[in-house]
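> Here it is, the structure in full.
The values are calculated or read from the model by the stated rules, or taken from the named source; none is laboratory data. Keep in mind it's a predicted model, so treat the numbers as computed, not measured. Virtual Cβ from ideal backbone geometry, glycine too; neighbours counted across all protein chains shown. Keep in mind that these areas ignore ligands, DNA and RNA; they rest on the heavy atoms of the full protein, side chains included. Shrake-Rupley method; radii C 1.70, N 1.55, O 1.52, S 1.80 Å.
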Amino acid sequence: LPLPKEWGPTKGNVSGKISLTGPLPNEKETFPGRLNGNVEFQAENLVLKPNEANPIALSRLQGHGDFKQGVLPHEISGNIWGSEFDIQGKLPLNQNKPVINSQINWKGLNLAQLPLPSDMEWNPREGTLSGALTLAGPLPVAGKNFSGKLKGSFELKNLKLENKGSPVLSLNQLEGSGEFKNHQVNYTLKGDPFKGTLQSEGRIILPASG
């Protein structure tokens, strides 16, 4: 397939269908113009090889969407790194600066399977991560940061970190939530590190870029 080299598939099977109704866009219209339709796809045993990174394997990936009046409501689900995930949202297709509104949910992400850099001092030997992330705002152009709103929550269980020559660090549970908007992060955390109790709430002001 003529896909970007940054995310070239090295393995996998994909099937699906797409249906379209309405007039084709003219030269002055942005796709899909006045077209309406729907799209479905299924992929199995898909392996992607990003540039200078470890391969990413998705045992299952499927999705569907119905676009009307230039807006694509969509739902995608799959399995990656031992975790079930789904993405639900809406994406305008005929805008120069489209605004995205999507939520990503994942459950039971196996931290030991993550393709982390090999030069990290501490690496997860065990642990699972579940959570949700909501994105709302304009899609950034290449080289720019996301300027919209991010809101998320997570739950970390049975984490064990190892470092050569050091005792294993264990964390039974850590959960938190946060919101990012206008260069400001509001967060809450609670857990039981080092056989103690942690609870924290705060605000972080980030410098404006550019």
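> Give the aspartates and glutamates reachable from LYS190 as a straight Cα distance under 19 Å; neighbours fewer than 8 places away on the same chain don't count.
GLU155, GLU175, GLU179, GLU201
> Lysines near LYS195 by alpha-carbon distance under 26 Å, same-chain residues fewer than 8 away left out - which ones?
Qualifying lysines at Cα under 26 Å: LYS107, LYS157, LYS160, LYS164.
> Kindly state, to the nearest 0.05, the FRET efficiency for ILE100 paired with ILE204, given R0 = 30 Å and r defined as their beta-carbon distance. Provide the component values of the computation, followed by the final result.
On the way: r = 24 Å, r/R0 = 0.79.
Efficiency for this residue pair is about 0.80.
> If you don't mind, there's one more thing I want to ask. With the full set of protein chains in place, find how many percent of the accessible area of the chain is carbon and sulfur; take the probe as 1.4 Å.
About 54 percent, which is the carbon plus sulfur part of the accessible surface.
> Let me ask something additional. Residue separation times 0.36 nm, minus the C-alpha to C-alpha distance between GLU121 and GLU44: what's the value?
24.3 nm
> OK, next. Just the accessible area per residue of the chain, please: how many Å² with a 1.4 Å probe?
For the chain, the per-residue accessible area is 69 Å².
> Further, regarding this structure: Under 16 Å between alpha carbons, and skipping anything fewer than 8 positions from LYS181 in its own chain: which lysines qualify?
Answer for LYS181, where 16 Å is the Cα cut-off: LYS144, LYS149, LYS151, listed by chain and number.
> Could you give the length gained on full extension between PHE146 and ILE56, defined as 0.36 nm per residue of separation minus the Cα-Cα distance, in nm?
Separation in residues times 0.36 nm, less the Cα-Cα distance, equals 30.0 nm.
> I've got another one for you. Only sites in a loop by DSSP and with at most 11 other Cβ atoms within 10 Å count here; which GluC sites (Glu not before Pro) in segment 52-136 make the cut?
Answer in residue order: GLU52, GLU121.
> Further, regarding this structure: Only loop residues by DSSP count here, and only those with at most 11 other Cβ atoms within 10 Å; note down the trypsin sites (Lys or Arg not before Pro) in segment 76-170 that meet that.
Details: sites: LYS90, LYS107, ARG125, LYS144, LYS149, LYS151, LYS157, LYS160, LYS164; in loops: LYS144, LYS164.
Here the trypsin sites (Lys or Arg not before Pro) that fit, given the DSSP loop and packing criteria, are LYS144, LYS164.
> Apply the Karplus curve 6.51 cos²θ - 1.76 cosθ + 1.60, θ = phi - 60°, to the phi angles in segment 115-128 and return the couplings in whole Hz, x for Gly and Pro.
Working through the residues one at a time gives x, 7, x, 6, 8, 5, 5, 10, 10, x, 8, 8, x, 10 Hz.
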